[in-house]
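The values are calculated or read from the model by the stated rules, or taken from the named source; none is laboratory data. Quick caveat, the model's predicted, so the values are computed rather than measured. Cβ atoms come from the backbone with ideal geometry, glycine included; neighbour counts cover every protein chain shown.
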């Protein structure tokens with residue numbers, strides 16, 4: 001969780017939906033909460049991706065985070081425990097702060 005005093009709170013929301021029509025097993029989202037209006041919003045959400053907040057740079061007005069993209073193959077098909085064998089790509093990324 002990243003808290004910007006008097007501005008907003010940024011956090012990661014995780015869910016693991018499973019259904020025959022949508023076999024995604026890993027879905028994360030970066031959420032923000034505006035402390036003035038108390039309204040929350042989904043800022044970033046990508047299939048098969050998890051996020052880790054690193055911090056905020058208020059001088060540059062950006063949020064720093066790591067994104068881990070999971071790739072599934074024939075050898076490691078999308079299944080309940082597939083995150084163990086999925087191919088992972090981790091990237092450092094940024095988002096502009098409001």
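Regarding segment 39-50, can at least one residue be identified that is more than 14 Å from residue 9 (Cα to Cα), buried (at least 17 other Cβ atoms within 10 Å of the Cβ) and in contact with a helix residue (DSSP H, G or I) (Cβ under 8 Å, 6 or more places away or on another chain)?
no
Here is a check on your reading of the model: is residue 6 at pLDDT 70 or above, more than 18 Å from the chain's Cα centre (by Cα) and in a loop (DSSP other than H, G, I, E, B)? Step through it out loud before you land on a result.
Values: at pLDDT 70 or above: no; more than 18 Å from the chain's Cα centre (by Cα): yes; in a loop (DSSP other than H, G, I, E, B): yes.
It is false that residue 6 is at pLDDT 70 or above, more than 18 Å from the chain's Cα centre (by Cα) and in a loop (DSSP other than H, G, I, E, B).
Which condition does residue 96 not pass, out of (1) touching a strand residue (DSSP E or B) at 6+ places or on another chain (Cβ under 7 Å); (2) modelled with pLDDT under 75, if it passes all the others?
Here residue 96 meets the rest and fails (2).
Tell me yes or no: at least one residue of segment 90-98 is within 20 Å of residue 11 (Cβ to Cβ), in contact (Cβ under 8 Å) with a residue 60 or more places away in the chain and not in a strand (DSSP E or B).
Yes, that holds for at least one residue.
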